[in-house]
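*Asks:* Got a structure for you, written out below as structure tokens; questions coming shortly.
The values are calculated or read from the model by the stated rules, or taken from the named source; none is laboratory data. None of the values given here were measured: they were computed from a predicted structure. With ideal geometry, Cβ positions are generated from the backbone for all residues, glycine too; neighbour counts draw on all protein chains shown. For accessibility, only protein heavy atoms count, side chains too; no ligands or nucleic acids. Shrake-Rupley method; radii C 1.70, N 1.55, O 1.52, S 1.80 Å.
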Amino acid sequence: ILIAKLKVKEDKVAKYLELAEKTDKAVEASEPGMLHHTFDQDPEDPLSFVWSEVFKNDEAFLAHLVNPPVGAYLEVHAGLCDGDLSIEFYGTVGDKVIEAMKESGLTFKVFKTQLGYSRL
């Protein structure tokens, strides 16, 4: 599970929402391993948003990371936001994902699973 938090510049919200919608549709059309993909607004701060993403497996995430629409999103994102994405991973994350994230230059944090289970 990936959670990415961000804060949009006040005068860029409309443009960011257009970018988010375009990216969401492109991901839906091109990534069958993306099981959940939402873009949610903080109810207490209309400039704060969260992407939540659930991937079928590590390979699905690695495909997402190199998907051209995601790259295009990241290029435009920086100019519309205050600060960087705050990316957090929850659940079991393999070494390939961690290595790919290090190479990406994005700031991230992995919360190591101590116990639990998933049901389909």
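*Asks:* For THR113 and VAL13, FRET efficiency with R0 = 30 Å and r from the beta-carbon atoms, rounded to 0.05?
*Replies:* Details: r = 35 Å, r/R0 = 1.16.
E(calc), rounded to 0.05, equals 0.30.
*Asks:* Another question about this same structure. Please compute, over every Cα-Cα pair in the chain, the percentage with a separation greater than 27 angstrom. Could the numbers behind the result be given before it?
*Replies:* Values: 1117 of 7140 pairs.
Result: 16 percent of Cα pairs exceed 27 Å.
*Asks:* Under a cut-off of 25 Å between alpha-carbon atoms, report the lysines in cross-link reach of LYS7, not counting same-chain residues fewer than 8 places apart.
*Replies:* LYS15, LYS22, LYS25, LYS102, LYS109
*Asks:* Let me ask another. So for the chain, taking the charge dipole from beta-carbon charges (+1 Lys/Arg, -1 Asp/Glu), which of PHE108, ASN57, ILE87 sits furthest toward the positive end?
*Replies:* Of the candidates, ASN57 comes out farthest on the positive side.
*Asks:* Taking loop as defined by DSSP and a crowding limit of 12 other beta carbons within 10 Å, which chymotrypsin sites (Phe, Trp or Tyr not before Pro) in the range 37-120 fit? Each step should come with its number before you reach the end.
*Replies:* On the way: sites: PHE39, PHE49, TRP51, PHE55, PHE61, TYR73, PHE89, TYR90, PHE108, PHE111, TYR117; in loops: TYR117.
When the chymotrypsin sites (Phe, Trp or Tyr not before Pro) of the range 37-120 are filtered for loop state and at most 12 Cβ neighbours within 10 Å, TYR117 remain.
*Asks:* Could you sort LEU62, LEU80 by their accessible area in this structure, using a 1.4 Å probe and putting the largest first? Mind showing how you got there, number by number?
*Replies:* Details: LEU62 45, LEU80 10 Å².
In descending accessible area the options line up as LEU62, LEU80.
*Asks:* So, with a 1.4 angstrom probe, what is the percent of accessible area on the range 33-120 that is carbon and sulfur?
*Replies:* Within the range 33-120, the accessible surface is 55 percent carbon and sulfur.
*Asks:* Continuing with this model, one more query. Pulled fully out, how much extra length does the chain show between ASN57 and GLU75, if you take 0.36 nm times their separation in residues and subtract their Cα-Cα distance? Write out the running numbers ahead of the final one.
*Replies:* Working: separation 18, 0.36 × 18 = 6.48 nm, distance 2.54 nm.
Going from the current span to full extension adds 3.9 nm.
*Asks:* When all protein chains stay in place, what accessible area (Å², nearest 10, 1.4 Å probe) is found for HIS77?
*Replies:* 10 Å²
*Asks:* Tell me the angle of helix 95-104 to the major Cα principal axis of the chain, expressed in degrees between 0 and 90 and rounded to the nearest ten.
*Replies:* Long axis of 95-104 versus the principal axis of the chain: about 30 degrees.
*Asks:* What whole-number value in Å² describes the accessible area per residue of the chain for a 1.4 Å probe? Intermediate results must be reported in sequence, preceding the final value.
*Replies:* Values: 7890 Å² over 120 residues.
Accessible area per residue, the chain: 66 Å².
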